[in-house]
Amino acid sequence: MTCSAAHPSIALPLGASVPLKSRATEQTFVLALALIAFAALLTSVAYQPPASKPSDIALTQFSGMRAQTLLGELVGDGVPHPGGSIAAATVRQRLVAILTRFGYQPTVQSGFACDEWGACASVQNVLARLDGAETGGPAILLASHYDSVPAGPGASDDGAGVATNLEVARVLKSRGASRHSIIFLFDEGEEQGLLGAHAFVEAHPWAKEVRAAVNVEARGTSGPSLMFETGSANNWLIQMYARAVPHPMTSSIYYAVYKLLPNDTDFSVFHPFGYEGFNFANIGDVARYHTPLDNFENADPRTIQHHGENVLGTVVALANAPLDNPPAGEAVFFDVLGRWVIHWPQPWTLGIALAGALLLMAEFALLIVSKRLVVREFWWGAAFCFGTVIATAAFSVLVFRMLKLANALPGDWIAHPAAAEAAFASVAFAAMAFTLRWVGPRTGFWGMWTGAWFWWLLGAVGLAWAEPSYSYIFAASVMIAGLAGVPPALAKDGSSLWRLAAVLVPATAGAIVGFGCVWNLYAAVGVLALPALAVVLAMVLILFAPVFCEADQGAPALFGGFLSACIGAALIFTIGAVLLPAYSASTPDRLNISYALDADSGKAQWLVDAESEQLPAAFRQVMPFNATPEKAFPWSALPSFMANAGHVDLAAPTLRIVDMAVSGPKRTVRARLKSERGAPDASILFSPLSGIKEMQMNGHTVPKAPPRVLQWLNGWHAYDCPVMPSEGMEIQFTVEGDKPADVYVVDESYDLPAAGESLRKARPGYAVASQDGDETIVYRRLKIPMEAVSATH
């Protein structure tokens with residue numbers, strides 16, 4: 001069958017057969033579109049969290065509603081509780097009371113820890129233990145953090161994780177002892193630099209018993225519980241996970257990508273200490289993350305139910321597994337519609353990809369030998385597939401830039417993403433149909449089929465060789481295509497039913513695997529994912545190309561209408577994305593207000609930091625802000641809108657040099673950093689040319705900042721104490737050089753002076769504070785002298 005039959009000016013290629021009748025062609029075309037829609041709908045339904053189980057189910061089962069009640073008990077008052085605050089102490093007391101009520105004997109670990117960003121603070125971790133039948137053996141750690149950011153009450157991040165682990169602790173207590181002991185860690189200071197996790201692994205005696213950890217996190221207030229990170233020896237872990245949880249949602253791509261990102265959770269601390277295990281998180285409604293909208297009302301009980309199923313299943317499995325010498329080796333893995341996990345040892349990947357590729361290539365050869373395919377048709381089919389993906393990428397970038405210029409995509413996440421997503425999907429369909437109109441007459445059914453799977457087999461083999469974790473989307477589909485292609489390749493009569501199955505079966509499988517792979521991509525990275533989603537859709541569409549090709553030639557009016565509809569949809573949805581508001585009360589812009597006082601000059605400024613990099617008009621009516629944002633401090637990573645502010649009499653932070661040892665160009669300084677106004681956070685920042693070599697805070701060596709941290713801070717070295725004691729923090733540092741070292745001392749409080757109330761009132765309803773929220777910042781510049789002094793700066 002050739003697609004050129006409806007064009008009399010183009011000769012039929014060698015081995016061409018008679019075109020399908022128009023009616024059958026139309027039906028097949030509609031079936032292909034229906035299968036694509038079905039795969040998308042099936043994926044959408046499958047990747048929802050399970051329904052929350054009621055409170056009256058058996059006590060030996062996890063109930064999302066019981067956990068939701070615990071969540072209300074912990075954070076239902078909606079008060080932010082950053083580490084070290086009075087509010088955090090209140091949540092800690094509630095946590096201890098709940099564990100005691102469940103029959104545990106909780107203890108509080110007081111510790112001090114530092115992270116690679118230069119943050120150091122005291123933390124209070126809550127721990128409990130359920131002893132196993134084997135005393136003295138390895139233990140399992142179940143972790144979550146109970147602190148929040150200053151801007152939000154942290155009901156989902158990580159109150160939902162705490163509530164989940166409390167309900168799991170209750171269930172496990174009712175079931176009796178497992179083989180291994182289970183340690184429950186509810187740590188403080190995660191938001192300040194994973195400090196509670198550091199304090200546990202570095203100082204608590206139980207940490208040496210732990211062989212595997214399960215951590216629960218959040219990057220949103222809803223959505224399914226995704227298993228996105230494991231230990232390095234994860235082949236046996238994935239086998240365990242596949243058996244232990246009823247609704248698995250995971251992918252080795254998640255794990256591979258996460259290792260490349262600068263994001264961290266407590267599991268990032270556990271992993272280097274040799275803990276294997278699982279890291280779970282939800283990422284739905286990510287715009288509410290670290291804002292006041294991360295409250296009890298927005299915490300989805302279905303998400304908590306899914307967390308509970310994952311945590312309970314994996315903890316029980318780990319607690320009864322042999323842990324002394326877990327087998328090494330990584331796996332390639334992915335779930336299918338949240339019901340099954342397909343996995344294999346990573347070294348098998350290249351063999352699987354090559355097997356599928358060789359099977360397909362043998363079928364290509366049989367088609368050529370039987371004269372159902374000529375080589376030039378294959379090359380035109382390959383050119384069509386390549387052109388479709390390239391055209392989709394090009395037009396997607398163009399649409400993305402247009403939406404950016406129209407201010408429809410001002411931030412990472414927008415209030416109405418469906419219109420933009422539909423626009424990019426329409427671009428993929430339109431690019432495919434448009435390219436097919438040009439190339440279709442030069443190829444045929446089998447030219448399209450072989451051309452599409454040629455690129456997919458190259459992707460399977462290439463990724464299996466270069467990065468196996470990413471390869472499954474190609475490798476699994478290529479193997480299915482190879483198997484589906486056997487009957488028509490061997491058949492002498494070229495049965496239309498076998499031909500159709502060879503297209504639709506592997507193409508539908510590729511759609512399900514591909515859509516499942518990227519379904520959470522927008523939630524994970526925001527609007528930057530939109531062009532990528534269009535490209536993935538284009539890669540799926542080329543698998544259906546033989547059917548589309550026959551529709552173009554056998555039912556040109558229908559296909560022409562389809563092409564016009566795709567172009568029209570792309571235009572309509574793009575216009576809709578421009579007209580719809582980018583933000584809303586439930587998907588807000590992140591906008592923080594700061595009062596910054598230069599204690600040396602007495603000058604002050606208002607700073608407004610907006611994720612959208614747009615200043616609401618109401619703010620300009622209150623203060624004469626500059627037209628374009630600028631960096632407020634030398635170490636600022638992002639620009640701020642600035643306006644002059646009135647002076648407020650606030651005590652400046654101090655750095656009292658206690659003593660200094662000078663050895664040539666090297667100076668070792670012992671000093672005390674203090675917020676004289678009692679701000680909870682104080683820091684010292686060294687300029688890139690200061691020659692800072694090492695720092696200790698409260699006797700603890702601060703890790704050297706990695707390049708990514710220094711790059712973010714424009715080369716400045718920052719050392720921060722987010723829980724500043726009233727008496728100040730003892731620090732010791734070494735600088736080296738032939739000039740006095742330039743430093744800033746800064747303190748921050750999570751409030752604004754009275755004059756800032758007018759700006760707060762001007763904040764529009766579609767914007768909220770985030771992360772540290774609104775702040776008052778006081779700073780001054782100092783120089784570390786070349787010789788010993790005794791002075792207060």
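The values are calculated or read from the model by the stated rules, or taken from the named source; none is laboratory data. It should be emphasised that the depicted structure is a prediction, and the values quoted were computed from it without experimental measurement. Neighbour counts run over all protein chains shown; Cβ positions are idealised from the backbone, glycine included. Just so you know, the surface numbers come from the protein's heavy atoms only, side chains and all, with ligands and any DNA or RNA stripped out. Shrake-Rupley method; radii C 1.70, N 1.55, O 1.52, S 1.80 Å.
Here are the numbers for this structure:
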| read-out | value |
| --- | --- |
| Over segment 102-216: Kirkwood hydrodynamic radius from C-alpha pairwise inverse distances, Å | 14.5 Å |
| Value of Rg/Rh across segment 195-262 [Cα atoms, Kirkwood radius] | 0.99 |
| Pairwise Cα inverse-distance average, inverted: Kirkwood Rh of segment 504-611 (Å) | 18.5 Å |
| Intensity falloff of segment 548-593 expressed as log10 I(q)/I(0), Debye formula with alpha-carbon point scatterers, at q = 0.14, 0.22, 0.24 Å⁻¹ | -0.55, -0.79, -0.84 |
| Accessible area (Å², per residue) of the chain, counting only protein heavy atoms and a probe of 1.4 Å | 39 Å² |
| Equivalent ellipsoid semi-axes, segment 485-526, via Cα gyration tensor eigenvalues times 5, rooted, Å | 35, 7, 5 |
| Segment 420-570 shape via C-alpha gyration tensor axes, a/c threshold 1.5 | oblate |
| Cα coordinate range in the chain, projected on the principal axes (Å, largest first) | 96, 68, 58 |
| Value of relative contact order over segment 426-537, rounded to a whole percent, pairs C-alpha under 8 Å and six or more apart | 22 percent |
| Quotient of C-alpha Rg and 2.2 N^0.38 Å, computed over segment 365-436 | 1.61 |
| Debye log10 I(q)/I(0) at q = 0.09, 0.14, 0.20 Å⁻¹ for segment 198-348, Cα point scatterers | -0.28, -0.70, -1.34 |
| Relative contact order (%) - the chain, alpha-carbon pairs under 8 angstrom, separation at least six | 15 percent |
| Quarter of the Cα convex hull surface for segment 260-363, i.e. its orientation-mean projected area (nm²) | 10.7 nm² |
| ARG656-ALA754 pseudo-label distance in nm [points 7 Å out on the Cα-to-Cβ vector] | 3.1 nm |
| Radius ratio Rg over Rh of segment 656-773, counting only Cα atoms, Kirkwood formula for Rh | 1.06 |
| Per-residue [θ]222 nm for the chain (sum of -39500 (n - 2.57) over DSSP H runs n ≥ 4, rounded to 500) | -13500 deg cm²/dmol |
| Separation of the SER496 and THR734 label points, Cα + 7 Å toward Cβ, nm | 8.3 nm |
| Portion, in percent, of the accessible area of segment 674-749 that falls on carbon or sulfur, probe 1.4 Å | 49 percent |
| P(r) tail fraction, segment 91-166 - alpha-carbon pairs more than 22 Å apart, % | 34 percent |
| Label-point separation, TRP340 to LYS259 (7 Å along Cα→Cβ), nm | 2.7 nm |
| Efficiency of FRET between SER586 and TRP465 - r from beta-carbon atoms, R0 56 angstrom, step 0.05 | 0.80 |
| Within segment 85-140, trypsin sites (Lys or Arg not before Pro) in DSSP loop having at most 11 other beta-carbon neighbours inside 10 Å | none |
| Estimated FRET transfer efficiency (ASN644, TRP348; beta-carbon r; R0 51 Å; 0.05) | 0.20 |
